[in-house]
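Here is the structure we will look at.
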Amino acid sequence: MENYQLACCVWEFTLACNLNCIHCGSSAGKKRADELTTEEAFKLCEDLKKTGCLGVALMGGEPFLRKDFWRVAQKIRGLGMELSVITNGTIVDEEIIKKLVPLSPRAVAVSIDAAAPEIHDHIRGRDGAFADSWKFIELALKHNLPVSVITTVHKLNIGELAKMRDQLKGRKIAWQVQTAGSEGRRFSKDLLLDEEEFYSVGLFIEATRRGYCTAEMPVIGAHDLGFNSRMLKNTSLQGKWEGCQAGISVLGVRSNGDVLGCLSINDDKYVEGNVRKAGVFELWNSPSSFAWSRRFKPEQAGSNCAPCKYLDSCKGGCNEMSLMKTGHFHNDPRCFWKIEQRLFQKELNSPLGRAMLKLRGFSVGYGFRKLAEIFRGER
Ligand code: SF4
Ligand code: SF4
C-alpha cells in the first residue's frame, strides 16, 4: 500500500452561510439537504485520525452556524489533531471567542476583502459585515488567539491591498492572499484578474516581504500564485513548490461527505467517493483514488506545461487554476514562470535585462499602470 501522509483535511462543515459573497467558490447560502449528522461527523473525525491526518480546517459556508460545531471541534482536538477555523467573522459573540481559547486552534482565519468598509460590504453582500468581522478579530486578538486574515483578490479589491497592509501591519495577524476563481454562481468572469494584475499580486507579496519583517507583517500567497519565477521568491508557505498536493497531503470533504482532492476543484466529476459509503481511511488508501494527482505522468500535461523544463517537479502548477482556465489538469496558464516569459520576454533574453529586472522589478514606476496603482502608498 502506498503511504501518503494526510497533513490537512479541509472540511466544508456546512454550506449554510449568513452572507452572500459574490466570489464564493461554492455559492454558499443554504445548507445542503444531505449534510452529515453529528454522529456521522464524529465518525469522520475518527476515520481521519485513523488515516493519520494531522490537522482539520473547519470552514463553510459559515461553520459557526452549525449548532454541533463545538462538539465536533472538541472531538477533533480530543483525538489529537490540530484544528483551524475559517469564518466570515460576522457572528460576533465573546462567548464564541472564549470557547475557542481552550481548543488551542492552530489558526482562526477571518475573511476580509478590503480596507474600505463599503467595498468589503459590497463584496460580502451585507452592510455592516466589515465592522462585525473586525469586532470579531479584535476580540480574538484580545484573547490571544492566532488570528489570520484571508483576502480573495479580484478586480473590485486589487486596489485595496496596500491600504489593507496598513491596517494589518504590526497587529500580529497573519495574512493569506489568494485570487478569485470563476467556480461560484454569483461571480462574473469580468471580475477575474487579468494576467498583469494576477502577477502584480505576487509582486505585492514579494514587496511586502522585502519591506516588512515577518513579525510585523507575515504574508503568504495561496497555492494559486507562483511556481518557478525567475524574479519572485516562492510566495507560499512551502519552501519549494513540489506540485499540487490535492490527494497527496491534502483532502477536501464537502458537508454531505463527498471527498475531493481539493475543495477548490468544485466539480462533481472529481468526487472520489463519499464518507458515508467507503469511509475516509478506505478512500485515502485505495490505489485507485486521486489517480489524476498521485499518478501524474509528464505526458498527461497540457500544452501550456508539456514543454516546460520544470514539469517533473512542478507537475503543471495549481490544478484548480488549470481546470478553470483550460478545462485540463496539469496545464496552469498562470504560473509566474510563463507570465514572465510573456511580460518580460525581451529583458529575459539578455543578462543585462535580467539584472535590470531584478533591480527595478519592484519599483512603482516600472511601467505597468496596474502595478503602479497597486503599489500606490508603497513606502
Ligand atoms: S509551465 Fe507548467 S510545469 Fe512549468 S512552471 Fe509553469 S505551471 Fe509549472
Ligand atoms: S488544486 Fe490548487 S489550491 Fe487545490 S491543492 Fe492543488 S495547488 Fe492547492
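The values are calculated or read from the model by the stated rules, or taken from the named source; none is laboratory data. In this text the structure is predicted, and so the values were computed from the model without any measurement. Neighbour counts are summed over all protein chains in view; Cβ atoms, including those assigned to glycine, are modelled from backbone coordinates with ideal geometry.
Which of (1) assigned to a helix (DSSP H, G or I); (2) in contact with a helix residue (DSSP H, G or I) (Cβ under 6 Å, 6 or more places away or on another chain); (3) closer than 22 Å to Gly29 by Cα; (4) of a type outside the set (Lys, Arg) does Ile123 not meet, given it meets every other one?
The failed condition is (2).
Only one residue in Ser293, Ser229, Ser255, Ser249 is at pLDDT below 95 and not basic (Lys, Arg), so which one is that?
Values: Ser293 fails: at pLDDT below 95; Ser255 fails: at pLDDT below 95; Ser249 fails: at pLDDT below 95.
Going through Ser293, Ser229, Ser255, Ser249 in turn, just one is at pLDDT below 95 and not basic (Lys, Arg): Ser229.
In region 100-117, how many are more than 21 Å from Val10 (Cβ to Cβ) and touching a residue at least 12 places away in the same chain (Cβ under 8 Å)? Let's see the steps before the verdict.
Pass one, region 100-117, residues more than 21 Å from Val10 (Cβ to Cβ): 101-102, 114-117.
Then keep just the ones that are touching a residue at least 12 places away in the same chain (Cβ under 8 Å); that gives 101, 114-117.
Adding up the residues that qualify gives 5.
Out of the residues in region 222-278 that are more than 10 Å from ligand 2 (Cβ to nearest atom) and part of a strand (DSSP E or B), state the one that is nearest to Ala109 (Cα to Cα).
Val253
When Asn331 is evaluated against the numbered criteria (1) in a helix (DSSP H, G or I); (2) within 15 Å of ligand 2 (Cβ to nearest atom); (3) under 29 Å from Asp190 (Cα atoms), which criterion, by number, is the only one it fails?
Failing condition for Asn331: (1).
Quick check, is Leu357 more than 12 Å from ligand 2 (Cβ to nearest atom), farther than 22 Å from Gln178 by Cβ, modelled with pLDDT of 95 or more and assigned to a helix (DSSP H, G or I)?
Details: more than 12 Å from ligand 2 (Cβ to nearest atom): yes; farther than 22 Å from Gln178 by Cβ: yes; modelled with pLDDT of 95 or more: no; assigned to a helix (DSSP H, G or I): yes.
Judged against the criteria, Leu357 is not a match.
With respect to Phe42, determine if the residue is at pLDDT 95 or above and surrounded by 18 or more Cβ atoms within 10 Å (Cβ to Cβ).
Working: at pLDDT 95 or above: yes; surrounded by 18 or more Cβ atoms within 10 Å (Cβ to Cβ): no.
So Phe42 does not fit the description; no.
Take Glu183 and decide whether it is closer than 30 Å to Phe296 by Cβ, modelled with pLDDT under 90, away from ligand 1 (no atom under 16 Å from the Cβ) and assigned to a helix (DSSP H, G or I).
On the way: closer than 30 Å to Phe296 by Cβ: yes; modelled with pLDDT under 90: yes; away from ligand 1 (no atom under 16 Å from the Cβ): yes; assigned to a helix (DSSP H, G or I): no.
So Glu183 does not fit the description; no.
Counting only residues that are assigned to a loop (DSSP other than H, G, I, E, B) and hydroxyl-bearing (Ser, Thr, Tyr), which one in region 301-317 is nearest to the chain's Cα centre (by Cα)? Quick ask: steps written out before the conclusion?
Pass one, region 301-317, residues assigned to a loop (DSSP other than H, G, I, E, B): 301-310, 315-317.
Keeping just the survivors that are hydroxyl-bearing (Ser, Thr, Tyr) gives 303, 310.
Values: Ser303: 26, Tyr310: 23 Å.
For region 301-317, the residue satisfying everything is Tyr310.
Does region 223-244 hold any residues that are surrounded by fewer than 21 Cβ atoms within 10 Å (Cβ to Cβ) and touching a strand residue (DSSP E or B) at 6+ places or on another chain (Cβ under 9 Å), and which are they?
Asn234, Ser236, Leu237
Run down Glu347, Glu320 and say which single residue is at pLDDT below 95, away from ligand 2 (no atom under 16 Å from the Cβ) and either surrounded by 15 or more Cβ atoms within 10 Å (Cβ to Cβ) or under 25 Å from the mean Cα position of the chain (by Cα) (or both).
Numbers: Glu320 fails: away from ligand 2 (no atom under 16 Å from the Cβ).
Selected residue: Glu347, the only one of Glu347, Glu320 that is at pLDDT below 95, away from ligand 2 (no atom under 16 Å from the Cβ) and either surrounded by 15 or more Cβ atoms within 10 Å (Cβ to Cβ) or under 25 Å from the mean Cα position of the chain (by Cα) (or both).
Go through Lys31, Lys50, Lys67 for me and flag whichever is of a type in the set (Lys, Arg), in contact with a Ser or Thr (Cβ under 6 Å, 6 or more places away or on another chain) and either surrounded by fewer than 19 Cβ atoms within 10 Å (Cβ to Cβ) or not in a helix (DSSP H, G or I) (or both).
Numbers: Lys50 fails: in contact with a Ser or Thr (Cβ under 6 Å, 6 or more places away or on another chain); Lys67 fails: in contact with a Ser or Thr (Cβ under 6 Å, 6 or more places away or on another chain).
Checking each option against the conditions leaves just Lys31.
Conditions tested, residue by residue: (1) farther than 23 Å from Lys338 by Cβ; (2) crowded, with 18+ Cβ neighbours inside 10 Å; (3) not charged (D, E, K, R).
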| position | (1), (2), (3) |
| --- | --- |
| Trp175 | yes, yes, yes |
| Thr179 | no, yes, yes |
| Arg185 | yes, no, no |
| Phe198 | no, yes, yes |
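Does Gly202 fit the bill of being within 14 Å of ligand 1 (Cβ to nearest atom), in a helix (DSSP H, G or I), surrounded by 21 or more Cβ atoms within 10 Å (Cβ to Cβ) and in contact (Cβ under 8 Å) with a residue 40 or more places away in the chain? First the steps, then the outcome.
Values: within 14 Å of ligand 1 (Cβ to nearest atom): yes; in a helix (DSSP H, G or I): yes; surrounded by 21 or more Cβ atoms within 10 Å (Cβ to Cβ): yes; in contact (Cβ under 8 Å) with a residue 40 or more places away in the chain: yes.
Judged against the criteria, Gly202 is a match.
Could you list, in sequence order, all residues of region 142-161 that are surrounded by fewer than 18 Cβ atoms within 10 Å (Cβ to Cβ) and closer than 14 Å to Ile96 by Cβ?
Correct list: Lys142, His143.
Quick check on my filter: what residues within region 279-313 are within 13 Å of ligand 1 (Cβ to nearest atom) and buried (at least 22 other Cβ atoms within 10 Å of the Cβ)?
Within region 279-313, Ala301, Cys305 qualify.
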